[in-house]
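Engineer: Next up is a structure, given as structure tokens.
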Amino acid sequence: MTRPLLKSELQAQRSRDHLMKQRDSFIAKHGEDLGAFYFLLMLIQTQGKKALRRGDVAALRALAHDLHAVYVKHTQ
């Protein structure tokens, strides 16, 4: 028997489910590669906006670093 999920666990699960639906929607609309790329861009934009509102410079630098790493990986 499993215990009921806590409110925070339910919220995290719903958030993951919503993101997976968005990812599947992007992939269905644009194809596997381009859909995954658009989903990645959407995530980076969302997390960047949240970090900017918080004034979290370290998170913005980490996002810029990660985006640059993706660029380098796919252009070399």
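The values are calculated or read from the model by the stated rules, or taken from the named source; none is laboratory data. Computed from a predicted model, the values in this text were never measured in an experiment. Positions of Cβ are backbone-derived with ideal geometry, glycine not excepted, and every protein chain shown enters the neighbour counts. Remember, those area values only see protein heavy atoms, side chains included, never the ligands or the DNA or RNA. Shrake-Rupley method; radii C 1.70, N 1.55, O 1.52, S 1.80 Å.
Engineer: Take the Cα radius of gyration of the chain and divide it by 2.2 N^0.38 Å, with N its residue count; two decimals is plenty.
Structural biologist: Details: Rg = 15.8 Å, N = 76, 2.2 N^0.38 = 11.4 Å.
Normalised Rg, Cα atoms only: 1.38.
Engineer: Volume per residue, Å³, of the convex hull around the alpha-carbon atoms of the stretch 10-51?
Structural biologist: Each residue corresponds to 56 Å³ of Cα convex hull volume.
Engineer: Compute, for the chain, the length of the dipole vector about the Cα centre, with Cβ point charges of +1 (Lys, Arg) and -1 (Asp, Glu) only. Units Debye, rounded to 20.
Structural biologist: Using only the charged Cβ atoms, the result is roughly 380 debye.
Engineer: So, one more: When only Cα pairs under 8 Å and 6 or more residues apart are kept, what is the percent relative contact order across the chain?
Structural biologist: Relative contact order for the chain comes out at 15 percent.
Engineer: Which of the aspartates and glutamates could a cross-linker span from residue 21 if the Cα-Cα distance has to be under 16 Å and same-chain partners fewer than 8 positions apart are dropped?
Structural biologist: Of all the aspartates and glutamates, those that pass the test against residue 21 - Cα under 16 Å, at least 8 places apart if same chain - are 32.
Engineer: Heavy atoms only, probe 1.4 Å: what % of the accessible area of the chain goes to carbon and sulfur, would you let me know?
Structural biologist: Working: 3890 of 6530 Å².
It is 59 percent, rounded to a whole number.
Engineer: A further question follows. Counting Lys +1, Arg +1, Asp -1, Glu -1, what net charge surrounds residue 51 among other residues with beta carbon under 15 Å of its beta carbon?
Structural biologist: Around residue 51, the charge tally is +3.
Engineer: Looking only at the stretch 1-27, which residues have a backbone nitrogen under 17 Å from a spot 7 Å from the Cα of residue 70 in the C-beta direction?
Structural biologist: 19-27
Engineer: Starting from the Cα-Cα distance between residue 7 and residue 32, subtract it from 0.36 nm times their residue separation and give me the gain in nm to one decimal.
Structural biologist: This chain segment gains 5.6 nm when fully extended.
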